[in-house]
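First comes the structure, then the notes that go with it.
The values are calculated or read from the model by the stated rules, or taken from the named source; none is laboratory data. Given the structure is predicted, the values throughout are model-derived calculations rather than measurements. Reconstructed Cβ throughout: ideal geometry from the backbone, glycine too, with neighbour counts over all protein chains shown. Calculation scope for accessible area: heavy atoms of the full protein, side chains included, ligands and nucleic acids excluded. Shrake-Rupley method; radii C 1.70, N 1.55, O 1.52, S 1.80 Å.
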Amino acid sequence: MKKYLLIAIAAIICASCSDFLNESDPNSITSGNFYESEADITNVLNSAYASLKGNYYFVNSYHFTDVHSNLTVCTDPGARGGAYFQFYNFTLNEENEFLLNRYQTIYKSIGYADKLIYHLDDVTYADPSTRNSYEAQARFIRALGFYTLVAEWGAVPVFDKALTSMQEIKDANRRTSKADVYDQIYKDLQYVIDSPLSDLTPAADCGRVNKVAAYALYGKAALQQATDVEFASQRKSILAKAESMLLEAWNKKTFNELKDIPFSSVWDLSTQKGCKENIFQINFVAKNADLGSDFAYVYGPMSEANITSKHLCSSASMTTPEFYATYDQNDARRAFLRKTTYSGIEYYHSMKYKDLDCGSDGYGGNNWIVLRYADVALMLAEAYYWDGNETEAKKWLKAVRDRAGVVVSADAASSETGTGLRDAIYTERMKEFIHEGHSWHDYLRMYNADATLMVPVFQAKNPNFTLKDLLFPIPYSERILNPEGLPQNPGYLGD
Amino acid sequence: MRKIVGLIVSFCLLLAASVAMHAQNGIISGTVTDISGEPVIGAGIIVKGSSGRGTITDIDGRYSISAKQGETLVFTCLGYKSQEIALTGASTVNVVLEEDTAFLEETVVVGYAPMRKSDFTGSIASVKAGELAVTVPTLGQALVGKVAGVEVRQASGAPGDGTTLRVRGVNSLTAGSTPLYVVDGYPASEDVYINPSDIESIDILKDAASAAIYGSRGASGVVLITTKRGVKDESATVTYDFSYGVQTLERKAKLLNAEQFRDLIIDAKNNTYRLRATAKGVTWSPLDDNDTRTSKGFSLSEVGIPEMFFDFQNGVPREQQYDTDWQDLVFTPAGVQRHNVSVRGGTKNMRYMASLGYMDQDGIIDPSNHNRINGRINLDAQVTERLNVGVSYSMYDAHNKIVQAAGRCLNDGIVQSTLMYLPNLPAYEENGDYARSAMILMNSWGINFPENPLVVAHELDQHEDISRHNLNINVTYTILDGLNFNARLGQQWYNERYFYYRPMSIGQGQVPAYDPQLASANISRTTSTYDVDRLGEFTLNYKKQFGLHHVDALAGYTMQRKTYDRVGVEAKGFADDRIHEVTAHGADPTDIVLYKTRKAGWSMISWLSRFNWAYSDLYTLTATFRADGSSRFGVKNRWGFFPSVSAGWTVTNEPFVKNLLGNTPVSLRLRGSWGKSGNNDIGNYSSLASISTGAYAFGNTPVTTAYEGAFTDEGLGWETTIQTNLGFDIGLWGDRVNLIGNWYNSISTDILYEQPIPSISGSTKTTTNLSGAKIRNRGFDFQLDTRPLQGIVDWTISTNVSINRNKVLDMGGLEDILRKTERNVLSHITTAGYPVGSFYGFQAIGIMSEEDYANCLIDKQVYDANGGKFPEGYTLRGPAQNNYDLANLSYGNIIWEDVNKDGIIDTSDKKVLGDAYPDFTGGLSTTLRWNGIDFAANLTYSVGAKVINFQDYYCYNMEGSGNQYAIVADRYIDDEHPGRNNVPLAERHATTNTSNRLASFYVEDASYVRLSNVTLGYTLPKAWTDFVKLSKVRVYVSGDNLFCISPYRGYNPEISYKTSNMEAGFDWGGYPLSRIITGGLNITF
């Protein structure tokens, strides 16, 4: 009898076996049952936006841009075992951890966009146009990622859909050609241009992608491609594309002339989100650990007060007195550089990200401005310059100078022709966009990504500069996952 | 062999003879034989109550002893029943000793049901209570060096901290390699915190065949712990143990003194100045003052020398005001006291054991402290003739005051701060307060920023309360004769309250104490944890003797589920440091956030069986089979199956061998086993892709974000280890000499690993089974136990040695796994042909002389002229460089090995620099008892292991940015003064020598010999104790970790900061071990 009892007990226990082994994480939803409603999709789209805040993408981007082009300075060469200094000193190697971070962060952002597009049709939408507006926003974020990658690394792995299996990942993880990457960028941006998105974004929705952003980024990518010596034979037609896209962007502006917008209103926290000049911004909200930015801290000095309510800043990416001296007395932008000393040396730090209201944690309200109209204007100047239309180029250059309050002497103006005009346009970009993360791409365009032009100029700044520095190395830990498919950029392997 | 045996025997006889010299009366002699008439060698004969007179039998079983008529002789020998014979006139007393069948039937705990020891054919290591040093605070420490094939590492000396056990090497990459602990049959999922005094025995299952009965949790070995229980029909024994010990730092590190540091910083700054100036083409002089240096565009952090070190006016170094020995201030003597009371006994139907332990241990870093109570009640009741019920309850309650020894100084790692803090700075202000943030305030001079370690230790408020309870009910019902049903039901509770408060009085990073900017670090955290583990086990066991055949079979079903629940809160915005609790948080709503809040769980179901057949003490065969289902794995691979077989042959019981051997007292047993066991020790839910949430904002409106977590593998399954074990057991003279040897070969496959995947996937890694990957552990372990003397003098000597070779045979198509440890340095590689987590970096092969430097400058011209590379076929004149930047190029720099001979030092020049695994480890222990005196000593050693002393990142970086190891004083200055000629030039940019790389000189030999325990005890004569109505009183003194001889530069050669197998042997601070001198008292009432 007792035996039967035991068997009965055992049977009862076993009946519950399969359930007993099903454990699910009480803290999170699993992907299998996630994409169920429009709200879920909205949240995924939001995460694609949030990916732009990833570290070493736009946040802390100065290493890869202003510092790398020696527009600003790496103030502590010994920090992080010298890994930061490598950008300034042109001694980058493929193991540089920050390059890896940037590469990973950008692909992660692209991945979020892809994932959204992949699941778009899992749900139905109250307003059917929502679907395409979501896809447009995601595609812009993807295009922005590929633009940054191709400009800095050259031909990178490019793909146009979510990678859902190990095999797809393996197949996609190989370098293509720069042309393929640019084509993908254009395809995505054309989709945005044809989408139901609005032309520009109101302050209340600041941070959202709009059509003008797509036109402007299209123009920017096309300009980057057109000024690449590799595409010299197609330059004319790509430039035409850049011009038309940038003009489209310009024509959709909601102000009269650039000079109607005070330079300070681009940065003032009370006006920044709604500033008509600002086309696309990565949006932050002050005093919040999840939503705040730390640009005030990053670009502020260690010793001077009145930049941020977090007293001590990082003294990173400061520029030199020599660069400060190039500004005209009346230049409105000059006030956005302020003198400080660090470790006994005089520098100028940025005031663009001043925030006295961010609280002691330094969670600031400063946005990162990815695209603004001054950029569009100067890109138009560039495009016309490369197209040989100096009159038109000067017109756009003047628009930006006028707003800054710069008067160019007749003497100086007369030298602004040929490479003199080229230098004037790019110098203007440096002055306008210092601390905004443009200068390295600008230099590549200025010198056509042409080693014969660029190497001597940079070698004069630092003899370590060589051919290799035109592109970043593919991060080592990525390269070894597919050494054949991801050959290293020249010069980084002692070859 | 016979010769050696003979030698040992005669030595023993000699000793015994000397003992027998006390005899003053008539001589009694005779022979001791067993029932078959064979002489019993080495049997002990004592005159009862004489405390001192005794002898042993010789090789022919003969003895002689002086004794009075009327006295009683006691004959003892292991494996035989003892006999007492009263002397009644005869001067010849021959004795026939009966075999102790209880001894032959001795059982061994091997999982779920005990087995006859003689039937066990796997590989096991056993330690009995008497062999454990109980003066150390934790069980693990008591095991150090005791068992072959088991490496016990003392990585941390923090009060209350345990040890790390590794059975036969590491067989996993990301999954844990901690053995499974089973306490009185309860498989605890984590390390056990048990009172060492409660332990009856510890048995460690080493081979896969033995561990296979524990299936998916057996691959890293199984530690079976049996606690003391009551004894039937024995009146209560009450014991009280007390000890008090003083702990001091075991080994001190050798660091620069104030003057040596001063010279280093001056040297480093001047060298940097020289290099910067040379690169820039400007003039320089070491006597240029700081203003001159900065006017040339060089920053103070690189080239400036603080006034306190150099008098620029007179151009001479300054006399230093202080020479603080930070180690002496931080590591101070600390007391430990322990009380233990236990009672044991039994009636016919009831057995009981109860104990209560109290321990209070201060740490050598004041004010760390561990204060705990252990309680245990073990009850066993014979309810009816067929029904037995055992109930065990144990509790552990501890309060720990924590100081954080490990980690980076920036993260409050005290050990690193102690090493780095400048001896040139005072510890205290004149008013008696701590001197705070002195180094932090020197930050602009390129000085690193540890806070005064005394401030961190005393003012960082960190403590925890932990309690564990364990209820274990065991019901055995005898269904038929030989057939038992057993149910084990149990539950374990784990509760923890953790508390942390970081006041404004501790500087951090570049922010000095009390600076308002510290507000973001001025936080309080508290967590509350409640974990529950439930177990149900049901087994049927059948034992039967059929003639010469013995059968022992077991079948069972078990379920276990563990849930984890933790809530934590982090608060900030404190008005001041007066209140440390989270309740004092600021008014802002964001001042309170969640901290480490989590819920999780896992469950397991298993079927198990074991069949054992033995034939006439000659042949034994065991087979086991277990099936495990675990919630941790993907639905597709949820069940794992773990078979094993093992066999034994007692050669010397074979009749023809017996005839051959005649009277030779030798026994030999051969064993072989094969088994498969598993590892499921990865996190929960690894096979599920989960959605994480976050936040973004449009305009000023926050929105929720949701994103899919990393790529996951639905097919995730077990990691499997297959191990073959061949072994022998040799016995001489019964149990006088025992030699156990094992050879094993274990191959682990389906390795669980967080495989790196291309970034284009959006993730960087995913947990998966590497099906083609193979990790091998192969080796020998030997254990020799001898008992040279028995009787009046009882002397044992044991030694063991373990040799394990770990090797990754195949990476399963995976690229080499490179791991970054601290400061983003790639330091470890896991690659085919080398052990798991080998050290990987650049090999230093010398120091650049001035001539080398001149040659490099010539190379540089060629390099620069050719566009930043060398022309095809160019032969380097100087040593290869990383780059030819003048600001980095100097004589005195390290010459790195250009492994691929391409003239440039880059990633392709890295090589394997060693690994954390010893070539062999072992121990030597001895015990000696005579006339109430007992002595025990235990020596442990480890040879061939290496450690990355990553404190070198700061303490051997030649920068003068913090204090350095003493070896730095012996650096290269110039060709005339090359020092020891392997320590490079001092330079702020010594980073060019080591920048983000692992340099071979960080890898140090971590071999050691340690006298882990010496105990000397004395049991007071019976007459005295009778007088105070006590049955036994023993006093003792002991020393733990008395010395440790090691070439290692840091504190503890056994350090392991990182828990991952792939980042083994890494020193980034850790609580140093202490030497403990203890005095104690054992009283039995």
### Message
Beyond a 24 Å Cα-Cα separation, which of these cross-linked pairs lie in this structure: A:Lys161/A:Lys276; A:Lys352/A:Lys398; A:Lys276/A:Lys398?
### Response
A:Lys161/A:Lys276
### Message
Roughly how far apart, in whole Å, are the Cα centres of the range A:474-494 and the range A:183-226?
### Response
32
### Query
In whole Å, what is the distance between the alpha-carbon centres of the range B:247-295 and the range B:1026-1064?
41
### Query
Excluding A:Leu99 itself, what net charge comes from residues whose Cβ is under 12 Å from its Cβ, given Lys and Arg +1 and Asp and Glu -1?
-3
### Query
Within straight cross-link reach of A:Lys187, meaning Cα distance under 19 Å, which aspartates and glutamates are found once same-chain residues fewer than 8 apart are removed?
A:Asp114, A:Glu135, A:Asp160, A:Asp199, A:Glu243, A:Glu248
### Task
Give me a single rounded figure for A:457-470: the average over its residues of other chain Cβ atoms within 10 Å of their Cβ.
3
### Task
Place a +1 charge on the Cβ of each Lys and Arg in the range B:509-602 and a -1 charge on the Cβ of each Asp and Glu, then give the dipole magnitude about the Cα centre in debye, rounded to the nearest 20.
700
## Note on the structure
For chain B, whose charge dipole is built from +1 on Lys and Arg Cβ atoms and -1 on Asp and Glu Cβ atoms, the candidate among B:Gly304, B:Phe780, B:Ser235 with its Cα farthest towards the positive end is B:Ser235
### Task
Rank these residues by their accessible area, most exposed first, probe 1.4 Å: A:Ser233, B:Ser771, A:Ser195.
A:Ser233, B:Ser771, A:Ser195
### Message
Restricting everything to alpha-carbon atoms, can you work out Rg to Rh for chain B with a Kirkwood hydrodynamic radius?
### Response
1.01
#### Entry: Percent accessible area from carbon and sulfur atoms, the range B:342-400, protein chains only, probe 1.4 Å
58
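If you take the square roots of the eigenvalues of the alpha-carbon gyration tensor of the range B:168-294 and sort them as a ≥ b ≥ c, do you get rounded (a/c under 1.5), prolate (a/b over b/c) or oblate?
Oblate is the answer for the range B:168-294, as a/c is 1.5 or above yet b/c matches or exceeds a/b.
Per the helix-only calculation at 222 nm, which mean residue ellipticity applies to chain B, given -39500 (n - 2.57) for every DSSP H run of n ≥ 4 and division by its residues, nearest 500 deg cm²/dmol? Spell out each step's value before the answer.
Details: 15 runs with 121 residues, N = 1085.
Helix contribution divided over all residues of chain B: -3000 deg cm²/dmol.
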### Query
What is the packing order of peptides A:474-480, B:227-233, taking the mean over residues of other C-beta atoms within 10 Å and listing the highest first?
A:474-480, B:227-233
### Message
So for each of B:860-867, A:273-280 I average, over its residues, the number of other beta carbons within 10 Å; can you give me the resulting order with the highest mean first?
### Response
A:273-280, B:860-867
### Query
In percent, how large is the relative contact order of chain B, given Cα pairs closer than 8 Å and 6 or more residues apart?
12
### Summary
Expected integer from the mean partner chain Cβ neighbour count at 10 Å over A:472-485 is 3
### Query
Taking the Cα-to-Cβ direction at A:Asp127 and at B:Asp461 and moving 7 Å from each Cα, how far apart do the two end points lie in nm?
5.4
### Task
Provide the buried accessible surface between chains B and A in square angstrom, both chains summed, 1.4 Å probe, rounded to the nearest 100.
7600
### Query
At what distance in nm do the modelled label points of A:Ser303 and B:Phe611 sit from each other, each positioned 7 Å from its Cα along Cα→Cβ?
8.5
### Query
Excluding B:Asp816 itself, what net charge comes from residues whose Cβ is under 14 Å from its Cβ, given Lys and Arg +1 and Asp and Glu -1?
+1
### Message
To make sure I understand the rule: partners must be aspartates and glutamates, Cα under 18 Å from the Cα of B:Lys911, and not fewer than 8 residues away in the same chain. Which ones qualify?
### Response
A:Glu94, A:Glu95, B:Glu815, B:Asp816, B:Glu897, B:Asp898, B:Asp902, B:Glu1004, B:Asp1005, B:Glu1063
### Query
So between B:Glu430 and B:Ala865, what do we pick up on full extension, going 0.36 nm a residue minus the alpha carbon distance?
150.5 nm
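Would you mind computing the Rg to Rh ratio of the range A:270-419 from its alpha-carbon coordinates, Kirkwood style for Rh?
Ratio value, two decimals: 1.04.
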### Query
If the cut-off is 17 Å between C-alpha atoms, which lysines fall inside it for A:Lys236, apart from same-chain ones fewer than 8 positions away?
A:Lys220
### Task
Express in nm, to one decimal, how much length is gained between B:Lys901 and B:Ser1031 on full extension, taking 0.36 nm for each residue of separation and deducting their alpha carbon distance.
39.1 nm
### Task
Go ahead and estimate [θ] at 222 nm for chain A from helices alone: -39,500 (n - 2.57) per DSSP H run with n ≥ 4, summed, over the residue count, rounded to 500.
-14000 deg cm²/dmol
### Task
Write down the accessible area per residue of the range B:810-859 in Å², having rolled a 1.4 Å probe over the full set of protein chains.
33
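Using a cut-off of 12 Å between beta-carbons, work out the net charge of the residues near B:Val32 (Lys and Arg +1, Asp and Glu -1, B:Val32 not included).
With Lys, Arg at +1 and Asp, Glu at -1, the net is -4.
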### Task
Using a 10 Å cut-off on Cβ to Cβ distances, tally the other chain neighbours for every residue of B:682-690 and report the average as a whole number.
4
### Query
For the protein assembly as shown, what is the charge dipole size about the Cα centre, in debye to the nearest 20, if Lys and Arg each add +1 at the Cβ and Asp and Glu each add -1 at the Cβ?
3700
### Task
Could you work out how far the C-alpha centroid of the range B:567-627 sits from that of the range B:851-895, in angstrom?
56
### Query
Nearest 0.05, what FRET efficiency do B:Leu739 and B:Phe641 give at R0 = 41 Å with Cβ-Cβ as r?
0.70
### Task
Grab the Cα-Cα distance for B:Thr384 and B:Arg823, subtract it from 0.36 nm times how many residues apart they are, and report the gain in nm with one decimal.
151.4 nm
### Task
Would you mind getting the Kirkwood hydrodynamic radius of the range A:86-169 from its Cα pairs, rounded to one decimal in Å?
14.7
### Task
Please state the charge dipole magnitude for chain B, taken about the Cα centre, from unit charges on C-beta atoms (+1 on K and R, -1 on D and E), reported in debye and rounded to the nearest 20.
3300
### Summary
In chain A, taking the dipole from +1 charges on Lys and Arg beta carbons and -1 charges on Asp and Glu beta carbons about the Cα centre, the listed residue (A:Gly418, A:Phe231, A:Phe34) farthest towards the positive end is A:Gly418
### Query
Can you name the helices of chain B, as whole DSSP H runs, whose Cα span along the helix axis is 18 Å or more and whose Kyte-Doolittle mean is not below 0.5?
B:2-20
## Note on the structure
Taking every C-alpha to C-alpha distance in the protein assembly as shown and binning by 20 Å from 0, the per-bin percentages run 8, 30, 33, 19, 8, 2, 0
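Longer than 30 Å from Cα to Cα, which of A:Lys287/B:Lys765; B:Lys232/B:Lys543; B:Lys869/B:Lys946; B:Lys128/B:Lys1032 are they? Say none if no pair is.
Exceeds cut-off: A:Lys287/B:Lys765; B:Lys869/B:Lys946.
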### Message
Which one, B:Ser692, A:Pro196, A:Gly359, projects farthest toward the positive side of the charge dipole computed for the protein assembly as shown from Cβ point charges (K/R +1, D/E -1)?
### Response
B:Ser692
### Query
Looking at the range B:339-445, which trypsin sites (Lys or Arg not before Pro) are in a loop (DSSP not H, G, I, E or B) and have at most 15 other Cβ atoms within 10 Å?
B:Lys348, B:Arg386
#### Entry: Largest to smallest accessible area among B:Trp602, B:Trp795, B:Trp649 [probe 1.4 Å]
B:Trp649, B:Trp795, B:Trp602
### Query
Under a plain spin-label model, where a point goes 7 Å from the Cα along Cα-to-Cβ, how far apart in nm are B:Ile373 and B:Thr292?
7.2
